[in-house]
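Structure first, then comments.
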There are 2 protein chains.
Amino acid sequence: MGLTKSHIFTEDQNTLADIFRTLAHPGRIAILQHISKQQGCICNDIVEEIGLAQPTISQHLKELKHMGLIEGEISGKKVCYCINTARWTEIQALINNFLLRTESNCC
Amino acid sequence: MGLTKSHIFTEDQNTLADIFRTLAHPGRIAILQHISKQQGCICNDIVEEIGLAQPTISQHLKELKHMGLIEGEISGKKVCYCINTARWTEIQALINNFLLRTESNCC
DNA sequence: TTGTTATATTGCAATATTACGATAATAAAT
DNA sequence: ATTTATTATCGTAATATTGCAATATAACAA
């Protein structure tokens with residue numbers, strides 16, 4: 001069918017899956033790593049850096065923004081993106097919690 | 001196009017994305033949590049526990065096995081699945097490393 | 001053997017994702 | 001006002017994912 005049956009799972013399970021889905025693309029991983037490497041905020045030389053077309057990058061940035069992983073600040077005709085550290089820490093905790101809880105009680 | 005341009009990214013970026021993709025489904029999250037909740041290994045009442053059809057669960061188990069997250073041991077006509085703790089720890093380290101490195105150097 | 005139970009595989013329909021050309025929107029520069 | 005540069009959105013083609021019915025496979029039981 002191609003349609004995930006979200007309603008049969010818990011909110012936590014769906015949230016985790018959504019977070020993982022947002023990170024489940026090498027391009028988005030690369031974007032996050034590139035943004036975090038810069039000292040301050042960094043504008044869209046991302047397109048130059050990564051070998052994807054501008055609309056594609058824009059779409060990936062939108063998804064990362066939607067999950068709250070990054071924030072974009074308009075500065076003239078450019079947009080400066082940076083990691084949303086508060087949200088990042090939150091997501092880090094959610095993922096770690098899942099990984100730790102799942103490992104324990106195992107055979 | 002629908003085809004991820006894996007070749008333009010590093011091996012690490014692709015590996016991470018693959019790991020995240022494997023975890024990017026609430027059903028697979030639920031399966032992992034269910035398996036880990038049991039004391040020993042657990043056989044396929046997973047289908048009963050989670051509200052998906054048997055072929056669907058089988059397919060998800062296959063993906064989890066393929067990524068090395070779980071292992072299946074045949075015991076008669078049943079198969080007992082359990083978390084591959086060594087691999088789990090490895091993946092945990094990869095994810096944590098990514099999350100920690102990306103957070104630093106941020107604006 | 002025949003039947004039963006447990007799991008895997010196949011095939012297919014429906015939806016989701018990825019990618020990008022074309023185009024729009026916005027802001028600075030001339 | 002016109003041009004130029006930067007980013008976002010729309011539309012669309014191609015591939016991927018999800019889910020399940022039908023079927024296959026394998027092991028035990030009667």
Q.
With the condition being facing chain A (nearest Cβ under 7 Å), I'd like the helices (runs of 4 or more DSSP H) fully within segment B:1-81 carrying at least 2 qualifying residues.
A. B:11-23, B:26-37
Q: State which residue pairs qualify: first residue more than 16 Å from DNA strand C (Cβ to nearest atom) and modelled with pLDDT under 85 and inside segment A:20-46, second residue of a type outside the set (K, R) and assigned to a helix (DSSP H, G or I) in any location, beta carbons under 6 Å apart, and separation of 6 or more residues or different chains.
A: A:I42/A:I35
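The values are calculated or read from the model by the stated rules, or taken from the named source; none is laboratory data. Because the structure is predicted, anything quoted here is derived from the model rather than measured. Cβ atoms come from the backbone with ideal geometry, glycine included; neighbour counts cover every protein chain shown.
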